[in-house]
Amino acid sequence: MTVLSVDIVSPLDAFASVDPEVIVRQIGPLIETTFGIVEQHGGIVSASGDSQVTAVFGALPGSGHHAVSACRAALVVKSTIEKQSEGSVRVRAGRRPST
């Protein structure tokens, strides 16, 4: 099993002086996009917060290439979210194989 953590971050602290409700309205669609990409790559969203999504790959039978799927999902999330936000946010993603 592989765990993927995706964190949507703002470069140069662009959200530092913005009303939190505005941030949620802006990041909400990006989180939803992340959910869809994770599911398309065979992952299961296990947790999410204001700007973070954690997903599990390889929990279902027949998904032996879970590490590759998690990495592909991370790359697609990164490019899609950064394009969707027109470069106003960045994505950090990492995977951790479970033992």
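Here r is the Cβ-Cβ distance between residue 46 and residue 9 and R0 is 22 Å; the resulting FRET efficiency, rounded to 0.05, is 0.60.
Once fully extended, how much extra length lies between residue 83 and residue 68, figured as 0.36 nm per residue of separation less the alpha-carbon to alpha-carbon distance? In short, 3.1 nm is gained. Against the empirical curve 2.2 N^0.38 Å, the C-alpha radius of gyration of region 39-87 lands at a ratio of 1.23. Computed from label points 7 Å out along Cα-Cβ, the spacing between residue 75 and residue 23 is 3.1 nm.
Values in this text are rule-based calculations from the coordinates and carry no lab data. None of the values given here were measured: they were computed from a predicted structure. Virtual Cβ from ideal backbone geometry, glycine too; neighbours counted across all protein chains shown.
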